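Chemist: What follows is a single structure, and I will ask about it in a moment.
The values are calculated or read from the model by the stated rules, or taken from the named source; none is laboratory data. Because the structure is predicted, anything quoted here is derived from the model rather than measured. Glycine gets a Cβ as well: all are built from the backbone with ideal geometry, and neighbour counts include every protein chain shown.
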Amino acid sequence: MTHPAIRLVAIDVDGTLLNSAHTLGTGNRHALQAALAAGVHITLATGRQYVYIAPLVAELGLHSPQITSSGAVITLPASGEMLHADRIAREDAAETIRLGEELGITLVVVQNGKTYARAINADIEHMLTYGDPRPHVAPDLLATLDLPPTNIKAIAYRQDELYARAEAEFQRALGSRLNIFRSVPYYLEFSPKSISKGTALRRVADYVGIAQSEILAIGDGHNDIAMFEAAGLSVAMANAGDDVKRHATAITAHCDEDGVARAIERFVLRSA
């Protein structure tokens, strides 16, 4: 059975589009340029803020809506306008902060392109290696909640025991009210229960008038599984975990081997 032509490709960023050095490989760049030239929409879908991917979006000349904060925010690149934004309820954000401080794990509160942390420590320095903006120091994170956040992160760099314990405690206390998941190593991400990369991808597809069967999703993380379910075709990276791979239509090469390019060449360009 012939699959409908792909008209929208949704791509995770860290560990998928970018390699382990957090840079864009030449093969991936050329494949994206070829897909754009063929009239295909390219949407990046990341747990990070739009300010993180904005330089990449501009460099590649992407014009379609972009998904950030694990689906909580959808941004139009031409204007920087937020097409959609879901926020964590203030009381849930406050409980997340209080529990995180009891556990002694580093927290980062994300609001409209700004980030806040209690201090610049080794966890934050690790976060900065990904190209994230340096957070504003706010000794009292509860005081930052005048505007409810779109995303909260907990980071325990190279602290495996704390990482696992914090995940279990957060899930026990807040798992029924928030999406809580591992993204890149040593990160826990918190977002509103109603959203995911999948719900955001469906919104983007509706906005540009594209059917589910015409969507290809590529990723490597647990938060990409919902995106796979919203797409007609899904591709997991070779560096993805087995639980992620089980949800994908196909497997491509490692992020250090331009796996995104191989997926686009196989499922988009050869049928374009």
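Chemist: Condition check: crowded, with 24+ Cβ neighbours inside 10 Å, assigned by TED's automatic domain parsing to the domain that holds Q33 and modelled with pLDDT of 95 or more. Does I210 satisfy that? Reasoning before the result, please.
Modeler: Details: crowded, with 24+ Cβ neighbours inside 10 Å: no; assigned by TED's automatic domain parsing to the domain that holds Q33: yes; modelled with pLDDT of 95 or more: yes.
No; evaluated as a whole, the condition is false for this residue.
Yes or no, residue by residue, for (1) surrounded by fewer than 17 Cβ atoms within 10 Å (Cβ to Cβ); (2) touching an Asp or Glu at 6+ places or on another chain (Cβ under 7 Å); (3) part of a loop (DSSP other than H, G, I, E, B):
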{"position": "V110", "(1), (2), (3)": "no, no, no"}
{"position": "Y116", "(1), (2), (3)": "no, no, no"}
{"position": "I124", "(1), (2), (3)": "no, no, no"}
{"position": "Y130", "(1), (2), (3)": "yes, yes, yes"}
{"position": "R134", "(1), (2), (3)": "yes, no, yes"}
{"position": "P139", "(1), (2), (3)": "yes, no, yes"}
{"position": "D146", "(1), (2), (3)": "yes, no, yes"}
{"position": "K153", "(1), (2), (3)": "no, yes, no"}
{"position": "Y157", "(1), (2), (3)": "no, yes, yes"}
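Chemist: Right, something else. Filter region 132-153 down to residues that are out of contact with any strand residue (DSSP E or B) (no Cβ under 9 Å at 6 or more places or on another chain) and modelled with pLDDT under 90, then give me how many there are.
Modeler: Total satisfying the criteria: 0.
Chemist: Can you tell me which residue in region 250-272 is farthest from A21 (Cα to Cα), limited to those that are surrounded by fewer than 16 Cβ atoms within 10 Å (Cβ to Cβ) and touching a strand residue (DSSP E or B) at 6+ places or on another chain (Cβ under 6 Å)?
Modeler: A250
Listed here are the residues, each with its yes/no results for (1) touching an Asp or Glu at 6+ places or on another chain (Cβ under 9 Å); (2) within 21 Å of A226 (Cα to Cα); (3) assigned to a strand (DSSP E or B); (4) not hydroxyl-bearing (S, T, Y).
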{"site": "G39", "(1), (2), (3), (4)": "no, no, no, yes"}
{"site": "I42", "(1), (2), (3), (4)": "no, yes, yes, yes"}
{"site": "Y52", "(1), (2), (3), (4)": "yes, no, no, no"}
{"site": "L62", "(1), (2), (3), (4)": "no, no, no, yes"}
{"site": "A78", "(1), (2), (3), (4)": "no, no, no, yes"}
{"site": "T96", "(1), (2), (3), (4)": "no, no, no, no"}
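Chemist: Among the residues of region 22-69, write down those that are surrounded by 16 or more Cβ atoms within 10 Å (Cβ to Cβ) and on the phi > 0 side of the Ramachandran plot. Outline the logic, then answer.
Modeler: Looking only at region 22-69, we keep the residues that are surrounded by 16 or more Cβ atoms within 10 Å (Cβ to Cβ), and these are 24-25, 27-29, 31-32, 34-36, 40-54, 56-57, 60, 62, 64-69.
Once the filter is applied, which keeps residues that are surrounded by 16 or more Cβ atoms within 10 Å (Cβ to Cβ) and on the phi > 0 side of the Ramachandran plot, region 22-69 yields only S69.
Chemist: Next up: If I go through region 149-165 residue by residue, how many of them are under 16 Å from D92 (Cα atoms) and either hydrophobic (A, V, I, L, M, F, W, C) or over 20 Å from the mean Cα position of the chain (by Cα) (or both)? Walk me through it before giving the result.
Modeler: Going residue by residue through region 149-165, those that are under 16 Å from D92 (Cα atoms) are 149-154.
Retained after the next criterion (residues that are either hydrophobic (A, V, I, L, M, F, W, C) or over 20 Å from the mean Cα position of the chain (by Cα) (or both)): 152, 154.
The number of residues fulfilling the criteria is 2.
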